[in-house]
Structure formats: C-alpha cells, structure tokens
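Worksheet: one structure, shown below.
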Amino acid sequence: MREPISSTDAFALGIDPAEGAGPDVARLFELIADGVQGSVLLTGQILSRDMRRGRYTPASMEHPGKMLPTIPRYLIATYTEEGDQVADPMAGIGTTIVEAMHLGRHGIGVEYEHRWAQHAADNIRLATSQGATGTGEIYTGDARRLPALLPPEVHGRISLVITSPPYGPSTHGHARTPGARRGKVGKINHRYGTDAGNLAYTDHAELAEGFTQILTGCAAVLRPGGYVAVTARPYRRRGELIDIPGMVAAAGLAAGLTLVEELVALIAGVRDGVLVPRASFFQQKNVREAVAAGDPQWLIQHEDLLVFQSSAGGPERRRG
C-alpha cells in the first residue's frame with residue numbers, strides 16, 4: 001500500500017495541505033505526485049504569490065510574465081534526474097533555475113533584459129542560501145543566439161529546456177487605483193522592459209520566426225533524447241485571437257524537434273469540482289465588455305504545455 005501524499009509533494013503540485021482532502025482526492029494527488037498526470041496538471045491550486053513567498057525576492061515579483069513555479073517543478077521531477085542540467089533561454093527572474101536548484105538539478109538561463117537577469121541572480125543566491133543542492137547560472141543576451149551564449153561545456157548535456165514565449169503587455173499587469181474619486185484604475189508591471197528589440201514587442205510573424213530560432217538553438221544544445229517544454233496560451237490583440245500554442249508547435253517542428261505530449265496546466269484552482277478563476281482585473285473587464293457587445297469570449301484558465309523531444313533519440317527518462 002502506498003504512503004499518503006507528503007506535504008512536500010503537495011506543495012510541489014500547488015496543493016495547500018492545510019485545506020485537507022478526502023480519501024479519493026488524496027489518492028488522486030498521490031498518483032499525480034508519481035507522474036500519472038493524464039492530460040491536466042493541477043498547477044494552480046495555490047496563488048502564484050503564495051507559491052513564491054520566501055522563495056523569491058519581493059522585488060522580482062514585478063516581472064509581468066512569471067511562470068507558475070509548480071509547472072517547472074512537475075516537469076523537472078518528471079523528465080530529469082538529480083544532477084541533470086536544466087535550461088531556460090528566456091529565463092525572466094529565474095523561476096526554472098531556482099526550481100531546478102531546489103530539486104538537486106543544475107539550472108542555467110539566458111535573459112534579454114538586464115533588469116530581470118539581475119533579479120534572477122538575486123533569486124539564485126537566495127536559493128543557495130536556503131540550502132538548495134543544485135547550482136544556478138544566469139547570462140544576459142538574445143536567446144536567438146542561444147548556443148553562442150551558453151558555455152561550451154553544457155552543449156549536448158542539457159536534459160530539459162523549460163520556457164515560454166513572451167506575450168507583450170496585453171495579458172500582464174497588476175491593477176492599481178489611487179482610491180475613490182481620485183482617478184481611474186491603472187495598470188502597472190505590465191512591460192518586460194524598454195528595449196524595442198525584445199521579442200515581446202514584435203508582430204506575430206517576427207515572434208514566430210524568433211521563437212523558431214530559439215527552439216533551434218535549444219535543439220542544438222540538448223543531450224540525445226532531451227526534452228523541450230513550452231507553456232503558451234492564446235491571447236487577443238486588438239480583438240483578434242492570436243494562436244500562440246499553434247505557433248509554438250510549428251516552431252518546434254521547424255526546429256527539428258518531435259512533439260511528444262500536449263498537456264493542460266491549470267492557472268485556476270479547483271475546489272469541490274469547480275474552477276476558481278485567477279484572471280486579472282483587466283482580463284475580466286475585457287471579457288465582460290466583449291460579451292456585452294455580442295462577442296462571446298471566455299476567460300482563459302489554463303496554459304497549453306507542449307513537450308518536444310530531440311529527434312536524436314536517447315534513453316527514456318519520464319517517470320510513470
């Protein structure tokens with residue numbers, strides 16, 4: 001008979017152990033912890049800010065497009081072993097690197113914006129101070145030149161790449177208001193940086209071309225049989241739905257990778273069989289206005305998680 005799910009495993013899955021769970025739910029979580037995930041990952045059970053509290057510096061929370069820490073935790077535990085190398089070519093504040101370090105892997109990342117690279121370095125130092133057994137490195141540069149930016153000694157040794165394309169300011173940001181009768185609700189922390197060369201500020205065609213270059217670079221530094229996992233979700237730009245997951249799939253295939261799995265990573269929580277939305281103020285406002293105008297839209301409560309594998313083949317490393 002299996003042991004009950006531990007609080008550590010629960011935290012890794014984004015589950016709050018304090019809320020409790022019945023026998024059936026506990027069994028489900030037990031299977032999830034062992035990698036029996038099916039197609040839906042319960043990665044949004046705890047608010048992102050609560051997942052990060054004490055594990056990331058408060059200043060780094062200003063980044064507009066942070067990946068839920070539970071997503072790299074699941075991917076790293078599933079597709080790698082202790083001591084493996086994990087990379088993120090668009091590292092942001094270093095979420096992938098930090099989670100790899102806490103799981104005994106070696107994380108390495110590249111970030112285009114100097115500001116976020118500095119925050120990533122701060123988070124790496126924090127992880128080390130907290131006893132993380134893995135190591136972490138962050139480099140600044142354009143991920144479209146990934147092989148040239150990473151040290152030669154890691155080429156061909158990276159077991160897993162975890163990343164996400166940028167979405168621009170349309171899907172990110174925090175709502176702030178100066179108070180009653182003191183002005184409109186404003187948006188802050190919704191931009192990656194000021195450099196016009198950032199892929200977040202390009203049109204869809206240039207983003208697709210640039211992301212293909214990034215994934216081609218990832219394929220070049222993977223070990224045989226290594227994996228690339230990409231989170232993506234569609235969004236609207238001036239009312240038009242932009243198919244980012246479709247773009248990612250096409251970019252991966254063009255880079256010579258093989259698409260081996262498509263999963264759903266929930267942003268929403270699940271309580272008594274009902275989704276608990278995590279949508280921002282602006283997402284809710286835009287959807288309400290669209291519905292009122294006769295354009296039925298839905299709040300997106302998940303990210304598509306596309307998993308590719310190096311076509312070079314190699315040993316199977318997935319748990320299950």
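The values are calculated or read from the model by the stated rules, or taken from the named source; none is laboratory data. All values reported here derive from a predicted model rather than from experimental measurement. Glycine also receives a Cβ, built like all others from the backbone with ideal geometry; neighbour counts cover every protein chain displayed. Accessible surface is based on the protein model in full, side chains and every heavy atom, while ligands, DNA and RNA are left aside. Shrake-Rupley method; radii C 1.70, N 1.55, O 1.52, S 1.80 Å.
Would you be able to tell me the number of residues in region 211-246 that are part of a helix (DSSP H, G or I) and either polar (S, T, N, Q) or surrounded by fewer than 20 Cβ atoms within 10 Å (Cβ to Cβ) (or both)?
So the first thing to find is which residues in region 211-246 are part of a helix (DSSP H, G or I), and the list is 211-221, 244-246.
Filter once more, keeping what is either polar (S, T, N, Q) or surrounded by fewer than 20 Cβ atoms within 10 Å (Cβ to Cβ) (or both): 212-213, 216, 220, 245-246.
Of the residues in that region, 6 qualify.
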Sole exception among (1) at pLDDT 90 or above; (2) hydrophobic (A, V, I, L, M, F, W, C); (3) out of contact with any strand residue (DSSP E or B) (no Cβ under 9 Å at 6 or more places or on another chain) for A219, by number: (3)
Just to be sure, is S280 at pLDDT 80 or above and surrounded by 15 or more Cβ atoms within 10 Å (Cβ to Cβ)? no
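Go over the candidates E62, E81 one by one and state the one that is surrounded by fewer than 19 Cβ atoms within 10 Å (Cβ to Cβ) and touching a Ser or Thr at 6+ places or on another chain (Cβ under 9 Å).
Values: E62 fails: touching a Ser or Thr at 6+ places or on another chain (Cβ under 9 Å).
Within the list E62, E81, the selection yields E81.
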Read through the list (1) modelled with pLDDT under 85; (2) farther than 24 Å from M101 by Cβ, then give the number of the only condition that T258 fails. (1)
Counting only residues in region 285-309 that are open to solvent by less than 30 Å² (accessible area, probe 1.4 Å) and aliphatic (A, V, I, L, M), the one farthest from T216 (Cα to Cα) is identified as A290
Expected single match for farther than 23 Å from L263 by Cα, assigned to a helix (DSSP H, G or I) and β-branched (V, I, T) among T133, T128 is T128
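Determine which member of the set P69, P17 is surrounded by 14 or more Cβ atoms within 10 Å (Cβ to Cβ) and at pLDDT below 60.
Working: P69 fails: at pLDDT below 60.
Unique residue meeting the criteria: P17.
Consider region 38-56. How many of its residues are over 21 Å from R233 (Cβ atoms) and either in a strand (DSSP E or B) or open to solvent by less than 30 Å² (accessible area, probe 1.4 Å) (or both)?
Final tally of qualifying residues: 2.
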If we keep only residues of region 100-125 that are part of a helix (DSSP H, G or I) and in contact with an Asp or Glu (Cβ under 7 Å, 6 or more places away or on another chain), then the residue farthest from L146 (Cα to Cα) is A120
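If you check A292, A232, A251, A268, which single one turns out to be more than 16 Å from the chain's Cα centre (by Cα) and touching a residue at least 40 places away in the same chain (Cβ under 8 Å)?
A251
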